[in-house]
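Trainee: The structure is given below, and queries will be raised subsequently.
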Amino acid sequence: MTGAQAGFNEVVTLRQAKKLIQCMAHEQSFLLLAPPGVGKSDMIYEAAREAGLPCRSLLGTQIAPEDVSGVPRIVGERSVFCPPRILLPERPEPFCLFLDELPACAPDVQKAFYSLLLERRLGEHALPAGTWVVAAGNRLQDRALVRAMSSALINRVTILQIRCDVEEWLAWAQRSGVRAEIRSFIATVPDALMRPVPVDPVPFSTPRAWTLLSRAFDMAQKGGLLTNETRRALAFGRLSPEDAAVFCALAEESIGPVQPIERYIREPELLPKGDSARWFILDCVRQFVRDGKASGMPPRLINRFLRSLKPEHQLILLTDMIDTWAALGAEPAMFELLRKVAAA
């Protein structure tokens with residue numbers, strides 16, 4: 001198994017990949033590998049648009065070798081291969097050639113791309129100077145329609161393994177009009193942006209899933225159809241079940257945008273009143289403290305926050321984290337809780 005199929009430890013974000021493409025793709029071909037729904041295709045179109053290049057795409061699962069090499073015609077006493085217009089337009093101007101789902105191509109189609117990827121050439125025809133050749137696809141471990149790639153193909157491209165970056169996506173989502181409640185949820189639960197590909201063919205959370213869900217909510221709301229029931233149907237039809245359940249519970253309790261976790265510690269009166277939403281925020285507080293993000297907060301605020309909670313909520317926060325809370329100066333609140341529990 002080659003490195004491209006086994007996976008690399010070295011990864012880049014979509015923004016970093018875009019800068020590399022814009023800098024080098026006029027000379028070197030790229031292959032972007034990532035799980036489904038990360039946003040590879042959108043990034044390539046955006047990179048080309050920013051560079052002022054039209055983007056033409058071929059879908060690997062829907063092309064045959066002759067779609068790359070062209071078909072022959074007789075000129076005099078010789079045959080000449082005529083490349084397809086999408087690969088070699090009449091006007092010799094540079095463009096971005098996007099080979100989508102390249103790892104899903106049949107072996108003979110992958111072979112047809114060899115000279116295109118390395119030499120920017122289709123038989124005797126060269127691509128216009130300055131043309132980009134960028135491919136993208138999923139990995140074998142993503143359980144997508146992916147074939148093993150030959151070493152000859154891999155050696156003709158620069159392979160970039162793409163990782164999902166939450167901050168990048170949130171910035172993009174705000175620019176792109178993704179709904180505020182979705183952006184707020186992802187900011188609070190960053191792991192929900194991209195879940196591992198499940199073994200069974202069921203919905204799972206990806207940047208694409210969240211983006212399309214936002215658009216679905218917009219259309220349902222415009223049509224007067226966005227109720228708790230339809231929200232749940234749409235969310236469970238797009239997301240991992242655990243993300244859909246928590247997201248919908250928060251939306252149904254109408255807590256509004258989730259505040260930065262530190263603010264709940266400083267102002268415990270902002271904690272949601274509903275049980276589901278409150279437990280969710282308290283779990284986020286627990287993670288916030290476990291990750292050491294509360295280390296700079298004054299002990300008086302830490303103690304005031306704990307004292308504002310019911311004993312059962314305090315116990316959940318403190319379980320397996322006594323030393324962590326003690327390091328924040330929470331001993332007074334913890335001793336008070338101990339006396340209450342002992343007296344009960």
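Trainee: Residues being of a type in the set (Lys, Arg), modelled with pLDDT under 95 and closer than 26 Å to Val166 by Cβ: count how many of those fall in the range 41-63. First the steps, then the outcome.
Mentor: Let us first name the residues in the range 41-63 that are of a type in the set (Lys, Arg), namely 49, 56.
Among the residues that remain, those that are also modelled with pLDDT under 95 are: 56.
Right, trim to closer than 26 Å to Val166 by Cβ and you get none.
Total satisfying the criteria: 0.
Trainee: May I ask you to list pairs of residues, at least six apart or on different chains, whose Cβ atoms are under 8 Å apart, with the first in the range 317-344 being under 16 Å from Val285 (Cβ atoms) and the second being of a type in the set (S, T, N, Q) and surrounded by fewer than 18 Cβ atoms within 10 Å (Cβ to Cβ)?
Mentor: Ala327/Ser295; Leu328/Ser295
Trainee: Out of curiosity, is Gln174 closer than 30 Å to Cys23 by Cα and part of a helix (DSSP H, G or I)?
Mentor: Values: closer than 30 Å to Cys23 by Cα: yes; part of a helix (DSSP H, G or I): yes.
For Gln174, the condition - closer than 30 Å to Cys23 by Cα and part of a helix (DSSP H, G or I) - is met.
Trainee: Applying the selection to the range 198-207, what residues are in contact with a helix residue (DSSP H, G or I) (Cβ under 9 Å, 6 or more places away or on another chain) and surrounded by fewer than 17 Cβ atoms within 10 Å (Cβ to Cβ)?
Mentor: Within the range 198-207, Val202 is the sole residue that qualifies.
Trainee: Would you pick out the residues in the range 212-240 that are closer than 23 Å to Val199 by Cα, touching a residue at least 24 places away in the same chain (Cβ under 8 Å) and in a helix (DSSP H, G or I)?
Mentor: The answer is Leu212, Leu213, Phe236.
Trainee: When only residues in the range 102-151 that are charged (D, E, K, R) and either outside any helix (DSSP H, G or I) or at pLDDT 90 or above (or both) count, which is farthest from the chain's Cα centre (by Cα)? Don't jump to the end; show me each part of the working.
Mentor: Taking the range 102-151 first, the residues charged (D, E, K, R) are 108, 111, 119-121, 124, 139, 142-143, 147.
With either outside any helix (DSSP H, G or I) or at pLDDT 90 or above (or both) added as a condition, the list becomes 120-121, 124, 139, 143, 147.
On the way: Arg120: 31, Arg121: 33, Glu124: 40, Arg139: 15, Arg143: 17, Arg147: 23 Å.
Going through the qualifying residues, I end up with Glu124.
Trainee: A follow-up question, please. State whether one or more residues within the range 324-343 are part of a helix (DSSP H, G or I), touching a Gly at 6+ places or on another chain (Cβ under 7 Å) and either crowded, with 19+ Cβ neighbours inside 10 Å or at pLDDT below 90 (or both). Reasoning before the result, please.
Mentor: Filtering the range 324-343 for residues part of a helix (DSSP H, G or I) gives 324-327, 331-343.
Then keep just the ones that are touching a Gly at 6+ places or on another chain (Cβ under 7 Å); that gives none.
No, there is no match, as no residue in the range 324-343 is part of a helix (DSSP H, G or I), touching a Gly at 6+ places or on another chain (Cβ under 7 Å) and either crowded, with 19+ Cβ neighbours inside 10 Å or at pLDDT below 90 (or both).
Trainee: Pick out the one residue from Arg300, Arg278 that is at negative phi, assigned to a helix (DSSP H, G or I), among the charged types (D, E, K, R) and surrounded by 14 or more Cβ atoms within 10 Å (Cβ to Cβ).
Mentor: Values: Arg300 fails: surrounded by 14 or more Cβ atoms within 10 Å (Cβ to Cβ).
That would be Arg278, the only listed residue that is at negative phi, assigned to a helix (DSSP H, G or I), among the charged types (D, E, K, R) and surrounded by 14 or more Cβ atoms within 10 Å (Cβ to Cβ).
The values are calculated or read from the model by the stated rules, or taken from the named source; none is laboratory data. The structure displayed is predicted, hence computed values, not measured ones. Note: ideal-geometry Cβ built from the backbone for every residue, glycine included; neighbour counts use all protein chains shown.
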